[in-house]
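So the structure is just underneath, and the comments pick up after that.
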């Protein structure tokens with residue numbers, strides 16, 4: 001492939017393929033999260049043509065090195081692909097796929113196109129890697145949700161009481177005060193979320209967690225449900241965001257609850 005543009009020079013970049021869609025008969029539009037200009041849409045000519053050399057390297061959940069023209073306005077272009085890998089487990093497992101899709105959709109909503117994302121490129125790459133490696137996909141998504149509240153413009157105060165700053169008392173979460181409040185000030189918000197201390201612990205930890213340091217994580221199922229409830233409340237009332245990919249996850253959870261547990265087989269007499 002050799003597409004060039006007058007508005008940019010050819011350069012190397014790292015990318016994560018977010019999604020793609022058909023464009024004309026043989027071409028594709030491919031949304032890629034790049035380490036240079038954030039997320040941007042690429043026009044890939046003849047990508048659907050039989051024998052296309054680039055087709056396998058622009059599948060969703062592919063990451064790697066590319067060369068091309070990165071335009072700050074309009075479409076960008078891929079010239080060649082270099083070294084790419086697929087998040088294979090994500091593509092094969094419906095649960096991993098659902099949460100990874102949701103993570104990328106959150107990023108797509110949190111940031112404008114063609115704006116450098118700084119540390120976020122690596123953070124998202126690491127989140128997908130951990131999901132692909134088998135860490136709890138729901139928990140990884142929770143971590144990204146909590147940390148993305150800052151670029152969404154919410155920036156909750158997790159570290160100390162939003163009223164007095166104390167860090168040594170029990171906390172609850174207050175939408176009114178935009179963060180945690182200590183038990184001495186519970187009376188100031190009768191609509192506080194009544195979050196238990198274990199869930200508060202994880203919310204506070206997730207807000208500052210470096211995914212590079214995360215090797216394993218186990219969260220009790222009851223706590224995972226409570227985390228989901230709190231984060232949904234913050235997103236519903238604070239961000240005002242309800243993504244299609246999130247609704248699919250909610251449906252999956254509903255299906256799982258309706259499936260009766262398997263009974264152990266009884267031995268024949």
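What follows draws every value from the coordinates through simple rules; no lab data is involved. Remember, predicted model here, so these are calculated numbers, not experimental data. Ideal geometry is used to build each Cβ from the backbone, glycine not excepted, and the neighbour counts take in all protein chains shown.
Observations
- Sorted peptide list for 167-174, 103-110, criterion being average Cβ within 10 angstrom, highest first: 103-110, 167-174
- Translational diffusion coefficient (Stokes-Einstein; Kirkwood radius from C-alpha pairs) of the range 3-142 at 20 °C, 1.002 mPa s, in µm²/s: 141 µm²/s
- Tilt relative to the chain, helix 197-206 - C-alpha long axis, 0 to 90 degrees, to 10: 30 degrees
- Ratio Rg/Rh [Cα only; Rh per Kirkwood] for the chain: 1.05
- With Cα atoms, 0 to 90° folded angle of helix 137-148 axis to the chain main axis: 90 degrees
- The chain: angle of helix 221-234 to the longest principal axis, Cα-based, in degrees nearest 10: 70 degrees
- Linear extension gain, residue 242 paired with residue 159, 0.36 nm per residue minus alpha-carbon span: 27.2 nm
- Range of Cα positions in the range 93-253 per principal axis (Å), largest first: 45, 36, 31
- The Rg/Rh ratio of the range 10-86, with Rg taken over Cα atoms and Rh as the Kirkwood radius over Cα pairs, comes to 0.92.
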